[in-house]
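Below is one structure, written out as structure tokens; comments come after it.
Derivation of every value follows stated rules applied to the coordinates shown; laboratory data play no part. Please read these numbers as outputs of a predicted model, since none were measured by experiment. Cβ: placed from backbone, ideal geometry, glycine included. Neighbour counts: every protein chain shown.
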Amino acid sequence: MALTQMALDSLDFDATVALAEKVAPHVDILEIGTPCIKHNGIKLLETLRAKFPNNKILVDLKTMDAGFYEAEPFYKAGADIATVLGVADLGTIKGVIDAANKYGKKAQVDLINVADKAARTKEVAKLGAHIIGVHTGLDQQAAGQTPFADLATVTGLNLGLEVSVAGGVKPATVGQVKDAGATIIVAGAAIYGAADPAAAAAEITGLAK
Ligand SMILES: O=C(CO)[C@H](O)[C@H](O)COP(=O)(O)O
């Protein structure tokens, strides 16, 4: 059984809240995507936190420097998970982990563009990272890449960490990533691009359980 996470990737504040209202009952985690959090800031997190007490909220900060300083206000405002880039300095990654631990929350290390994903996963596991994010970004997806081989590499390490997978996951591939050991399955376009986002989210969650 895997948790499901919906990536809210619009720039529009009101459209994001409206989409979250449709989808929240059908997923475990609401993700405020990177362009969305940059555009709308902590006010959007506060709004979603107040409206959706039953969902976890991930802020996809993709932090690259000043880990503790950047992440702390988001944990303080109610984020359950914040992301930090795996290509960042280990000191930056540790800063986000420390901020998460201060608030009893989780830090997710995003492996996007990390060259040696197995080695980095082992290093950040030692630092105390809570979640590893196997992630094929939107631009990489446009170039034909998928997260499946990287997911097998990371889950094959058997480090006992939560493993999130993102990168074009859709109903047809949910079973594959669940069987490969993902504990959090992320979907963005497969939900917000669907004619009925609530139904798409419910379908994905049904397949993940
Ligand atoms: O973090 C992201 C881009 O950097 C996306 O939110 C993530 O890839 C999920 O969206 P999709 O399912 O459309 O790939």
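Between their Cα atoms, which of Lys38/Lys106; Lys22/Lys117; Lys106/Lys209; Lys38/Lys94; Lys22/Lys126; Lys102/Lys122 are more than 31 Å away from each other?
Check vs 31 Å cut-off fails for Lys22/Lys117; Lys22/Lys126.
Rg (Å, one decimal) plus Dmax (Å, integer) for the alpha carbons of the stretch 30-96?
11.5, 35
Relative to 2.2 N^0.38 Å, what does the C-alpha radius of gyration of the stretch 96-209 come to as a ratio? Two decimals please.
For the stretch 96-209, the normalised Cα radius of gyration is 1.09.
Add +1 for every Lys or Arg and -1 for every Asp or Glu among the other residues with Cβ under 15 Å from the Cβ of Leu11, and state the total.
Within the 15 Å Cβ shell, the charges total -3.
Please list, by residue number, everything in the stretch 190-207 whose backbone N is under 20 Å from a paramagnetic label point 7 Å out along Cα→Cβ of Ala15.
Output list for this probe position: 190-201.
Once both labels are modelled 7 Å past Cα along the beta-carbon direction, what's the Asp98-Lys51 spacing in nm?
Placing both labels 7 Å beyond Cα along the Cβ direction yields 3.5 nm.
Which order do peptides 26-33, 96-103 fall in by mean Cβ count within 10 Å, highest first?
26-33, 96-103
Taking just the alpha carbons, could you work out the radius of gyration and Dmax for the chain, both in angstroms?
Radius of gyration, then largest Cα-Cα span, for the chain: 15.6, 43 Å.
As a check on your grasp of the helix formula, calculate [θ] at 222 nm for the chain: sum -39500 (n - 2.57) over DSSP H runs of n ≥ 4, divide by the residue count, round to the nearest 500.
Working: 10 runs with 101 residues, N = 209.
That calculation yields -14000 deg cm²/dmol at 222 nm.
Which three extents, in angstrom, do the Cα atoms of the stretch 150-193 have along their principal axes, listed largest first?
34, 15, 14
Which net charge results when you count Lys and Arg as +1 and Asp and Glu as -1 among the other residues whose beta-carbon is under 14 Å from that of Gly104?
Within the 14 Å Cβ shell, the charges total +2.
In debye to the nearest 20, how big a dipole does the chain give about its Cα centre with +1 on each Lys and Arg Cβ and -1 on each Asp and Glu Cβ? List each step's numbers first, then the result.
Values: 19 positive and 23 negative charges, 91 e Å.
The calculated dipole for the chain is roughly 440 debye.
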